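Please read the structure below before turning to the comments.
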Amino acid sequence: MARGSQRSGVLDVIALLAILAAIAGPLLAWLRLVPALVGFYVMALGGLLSLLLAIGTVIGLVRGRRYGVARMLGLLVALVFVIVAVRGAGGAPPINDFTTDLDDPPAFRKAAMLPPNVGRDMSYPAAFAETQRACCADLRPLELAEPPAEALLRAVHVAARMPRWTVTQVDTEAGTIEAVEETRIFGFRDDIVIRVRPDGAGSIVDMRSKSRDGRSDLGANAARIRAFLAALQQSKASSQ
């Protein structure tokens with residue numbers, strides 16, 4: 001009996017640590033006290049521990065056992081962790097770089113000079129192309145009726161209004177805009193480049209969005225491209 005109580009006490013402590021980790025990870029990252037990946041890994045560790053404990057807790061509950069507050073809160077954290085993980089993944093492919101032009105992706109210039117990217121390969125990975133074609137055939141260039149100079153100016157105005165974007169460079173000669181978006185909670189930073197080129201009497205707008213951290217972006221970069229191009233298209237409609 002004493003051994004069982006001791007084991008239960010240890011598991012309660014582990015459950016408390018898991019809960020603290022699941023809360024502390026996002027909180028510390030949100031306060032920018034730890035790097036984004038550290039906060040994410042701390043949260044993930046807490047979630048995984050809660051999930052492992054939750055399996056034993058559910059089995060115990062089915063068998064009629066009773067547990068303290070720590071184990072029941074751990075069960076709740078595990079449930080939240082599973083829901084967030086499933087919704088976050090959403091069938092997103094395990095890549096973190098998306099573009100509207102797979103044959104000639106816009107190149108990062110300013111981003112390649114930023115300290116976090118120095119020494120990194122900022123080219124679009126050729127191996128990602130087939131994966132993107134399979135998941136995101138809707139990511140295509142946006143055709144605009146106005147000439148490149150006007151289209152670029154409007155794209156700059158739209159980029160400046162995008163939530164959590166910081167425009168880092170506008171190159172009127174190259175027809176490009178570069179920006180960085182920082183996620184609200186963890187503070188992950190993704191690099192963005194928009195390219196405007198002539199297309200007959202009008203313009204064609206391409207875009208690329210790339211994560212600095214992780215192998216998979218949980219669909220964030222593709223969603224960012226869709227959001228910007230939709231906003232740019234809407235700005236055209238609004239200006240008419």
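Count of region 200-234 residues, restricted to those that are over 18 Å from the mean Cα position of the chain (by Cα) and either within 30 Å of Ala24 (Cβ to Cβ) or open to solvent by 20 Å² or more (accessible area, probe 1.4 Å) (or both), is 7.
Could you tell me whether Ala160 is open to solvent by 50 Å² or more (accessible area, probe 1.4 Å), closer than 21 Å to Asp138 by Cβ and not in a strand (DSSP E or B)?
Values: open to solvent by 50 Å² or more (accessible area, probe 1.4 Å): yes; closer than 21 Å to Asp138 by Cβ: no; not in a strand (DSSP E or B): yes.
No: the conditions fail for Ala160.
Considering only residues that are of a type in the set (A, V, I, L, M, F, W, C), open to solvent by less than 40 Å² (accessible area, probe 1.4 Å) and out of contact with any strand residue (DSSP E or B) (no Cβ under 7 Å at 6 or more places or on another chain), which ones fall in region 92-111? Passing the criteria: Ala92, Ile95.
Any chance region 129-137 includes a residue that's in a loop (DSSP other than H, G, I, E, B), under 20 Å from Leu232 (Cβ atoms) and out of contact with any strand residue (DSSP E or B) (no Cβ under 8 Å at 6 or more places or on another chain)? Checked against the condition, which is being in a loop (DSSP other than H, G, I, E, B), under 20 Å from Leu232 (Cβ atoms) and out of contact with any strand residue (DSSP E or B) (no Cβ under 8 Å at 6 or more places or on another chain), region 129-137 yields at least one hit. Among the numbered conditions (1) part of a helix (DSSP H, G or I); (2) at pLDDT below 90, the only one that Leu27 does not meet is (2).
Failed condition for Arg32, given (1) touching a residue at least 40 places away in the same chain (Cβ under 8 Å); (2) open to solvent by 90 Å² or more (accessible area, probe 1.4 Å); (3) in a helix (DSSP H, G or I), with all others met? Exception for Arg32: condition (3).
Checking each residue in region 126-147 for being open to solvent by 40 Å² or more (accessible area, probe 1.4 Å) and either in contact (Cβ under 8 Å) with a residue 24 or more places away in the chain or at positive phi (or both) picks out Thr131, Arg133, Ala134, Cys135, Asp138, Arg140, Pro141, Glu143, Ala145, Pro147. Of the residues making up region 164-183, just one is closer than 24 Å to Leu218 by Cα, touching a helix residue (DSSP H, G or I) at 6+ places or on another chain (Cβ under 6 Å) and open to solvent by 50 Å² or more (accessible area, probe 1.4 Å), namely Val167. Applying a threshold of 9 Å to beta carbon distances and a minimum spacing of six or more residues, or different chains, the list of pairs starting in region 184-199 at a residue that is open to solvent by 30 Å² or more (accessible area, probe 1.4 Å) and ending at one that is part of a strand (DSSP E or B) and of a type in the set (S, T, N, Q) reads Phe188/Ser211; Arg189/Ser211; Arg197/Ser203.
The values are calculated or read from the model by the stated rules, or taken from the named source; none is laboratory data. Computed from a predicted structure; not experimentally measured. Glycine gets a Cβ as well: all are built from the backbone with ideal geometry, and neighbour counts include every protein chain shown. Calculation scope for accessible area: heavy atoms of the full protein, side chains included, ligands and nucleic acids excluded. Shrake-Rupley method; radii C 1.70, N 1.55, O 1.52, S 1.80 Å.
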